[in-house]
Structures are given as structure tokens and as C-alpha cells.
1. Pairs under 7 Å by beta carbon, first residue modelled with pLDDT under 95 in region 154-166, partner loosely packed, with under 14 Cβ neighbours inside 10 Å and in a helix (DSSP H, G or I), six or more apart or different chains?
2. For Asn33, indicate whether it is in contact with a Pro (Cβ under 7 Å, 6 or more places away or on another chain) and either outside any loop (DSSP other than H, G, I, E, B) or surrounded by 15 or more Cβ atoms within 10 Å (Cβ to Cβ) (or both).
3. Examine region 182-194 for a residue that is in contact with a Pro (Cβ under 8 Å, 6 or more places away or on another chain) and within 22 Å of Ile3 (Cβ to Cβ), and state whether such a residue exists.
4. So which residues in region 1-57 are of a type in the set (Val, Ile, Thr), touching a helix residue (DSSP H, G or I) at 6+ places or on another chain (Cβ under 8 Å) and under 20 Å from Phe190 (Cβ atoms), if there are any at all?
5. Among the residues of region 127-146, write down those that are within 16 Å of ligand 2 (Cβ to nearest atom) and over 14 Å from Tyr159 (Cα atoms).
6. Quick check on Glu2: is it charged (D, E, K, R) and in a loop (DSSP other than H, G, I, E, B)?
7. Consider Ala27 against the criteria (1) modelled with pLDDT of 95 or more; (2) exposed (fewer than 14 other Cβ atoms within 10 Å of the Cβ): it satisfies all of them except one. Which criterion is unmet?
Amino acid sequence: MEITQSEFVSSYADVRKCPPPNKPEFAFIGRSNVGKSSLINMLTKRKGLAKTSSTPGKTQTINHFIINNSWYLVDLPGYGYASVSQEKREGFGKIIEQYVLQRENVHCLFILIDARLKPQKKDLDFIYWSGSRGIPICLLFTKSDKLKKNELQKNMSLYQSTLLETWEELPPIIITSATEKMGRTELLTFIGNALAEEK
Ligand code: GTP
Ligand code: MG
């Protein structure tokens, strides 16, 4: 799988306004600032396609990108952004919950997790919330360039053993770095396989 064409479609504040669900889509979700938008730019090799920022809370809407004229990549707002109001902070946010529960053409939800952190409750809760609803998930560990190899390995094994306390099987896991373009081939192969399975 290679991306030969990528184009921003539009931003939506309401899942019901999204494009008709007649093409496969893959969505990026995770805590604010984890690197969702950066990873979309890394995959498409287009620096400014998805808007990124060092300040959390940059992406506030559902953003569709059409890839190779045949499937969508979707950039979502982050969850767990501490400075939004208490009301907004409950759950994972209305937009995210509606998207995950209502969007029927999602082939995989990529859940992004900062590779530098020990397992965080909010991420484990989200994995549980989506996984237990039978939604296909894949974990993408981000910013792995910021860790030494042995620290990364330590964090990965801790994460896996934490997940195995709740789950019988581990979901697919890909280690990435947007700055180092790490995990790009693995991610595109994963998407290619998921698309091929549908045919
Ligand atoms: P929200 O839209 O606010 O939810 O954030 P996001 O998850 O889309 O994160 P975004 O891609 O905007 O990146 C947040 C910050 O992390 C930016 O300053 C990026 O440059 C930085 N960043 C993202 N990915 C990486 C990475 O792989 N390595 C490093 N070193 N920095 C990264
Ligand atoms: Mg973003």
C-alpha cells in the first residue's frame, strides 16, 4: 500500500454531517497532543495537511481526508484535555463518543498512546470502552523518538502486561514516530490488509 493522493475533504462538528459512509475509513483518536494530526501528515507525506500544534486541543472537529480517491483517514479531537470545562471533560467528549458509536464505515480505530508514559487511566478506559463494544482497534505508540531503546522496551512490556490484566489477547500494536517517520510502512501495510479483507 502506498499513498499516492491525499486531500482534505472537510471538518464536521456533528457526525451526522460527515460524508456518506460509503467508503472505508480509519480514524485517529487519543489524548490531546499525543500526535494524531502529525501522524496523518507523516503517513501522507504532507506536512501541513492536518493542522498540528504544540498546544493541546488543536483539533476540535471531525476531519476527513480522502486517500487514493477510495478511502478516508479521519483526524479527531483529543480526549482528556484538562483545561476544557468539567462538563466537556466527562466521558471522552460528545463528538468522539458519537463518532465511535455511530460511524458505521470505520474499519479500524487507531488509538494513539504516548510511548513515554506509563499506562494512563484515561487511555485504558478508552481502550476498554471501544474494545468492549467490538470496535476494531489498533494501538499506535507515538513519539518513540523521545525515548532510548531500552526505555521504550520497558514501557512497551509494562503496557502489554497491563492490558493482559483485562484482555485475553493483545490488540495489534505499532510503534511510531512522526518526526523519524517510524512505523509508516507497518501502518500502511496494516491499512492495506484491512482494505483487502473487505473485498
Ligand atoms: P490535538 O489535536 O490537540 O488533540 O493534538 P494531536 O494529537 O493532533 O497532536 P499534534 O499532531 O498536533 O502534535 C502535538 C505536538 O507533538 C506537536 O508539537 C508535534 O510536533 C509533536 N509531535 C507529534 N508527533 C511527534 C513525534 O513522533 N515525535 C516528536 N518528537 N514530537 C511529536
Ligand atoms: Mg490534532
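1. Thr166/Tyr128
2. Details: in contact with a Pro (Cβ under 7 Å, 6 or more places away or on another chain): yes; either outside any loop (DSSP other than H, G, I, E, B) or surrounded by 15 or more Cβ atoms within 10 Å (Cβ to Cβ) (or both): yes.
Yes: the conditions hold for Asn33.
3. yes
4. Of everything in region 1-57, those that are of a type in the set (Val, Ile, Thr), touching a helix residue (DSSP H, G or I) at 6+ places or on another chain (Cβ under 8 Å) and under 20 Å from Phe190 (Cβ atoms) turn out to be Ile3, Ile29.
5. Once the filter is applied, which keeps residues that are within 16 Å of ligand 2 (Cβ to nearest atom) and over 14 Å from Tyr159 (Cα atoms), region 127-146 yields only Lys143.
6. Taking the combined requirement at face value, the residue satisfies it.
7. (2)
For (1) aliphatic (A, V, I, L, M); (2) closer than 26 Å to Gln60 by Cβ; (3) surrounded by fewer than 19 Cβ atoms within 10 Å (Cβ to Cβ), each residue gets a yes or a no:
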| residue | (1), (2), (3) |
| --- | --- |
| Lys94 | no, yes, yes |
| Asp125 | no, yes, yes |
| Gly134 | no, no, yes |
| Lys146 | no, yes, yes |
| Leu163 | yes, no, no |
| Gly192 | no, no, yes |
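The values are calculated or read from the model by the stated rules, or taken from the named source; none is laboratory data. Everything numeric in this text was worked out from a predicted model, so none of it was measured. All Cβ positions, glycine included, derive from the backbone under ideal geometry; neighbour counts span all protein chains shown.
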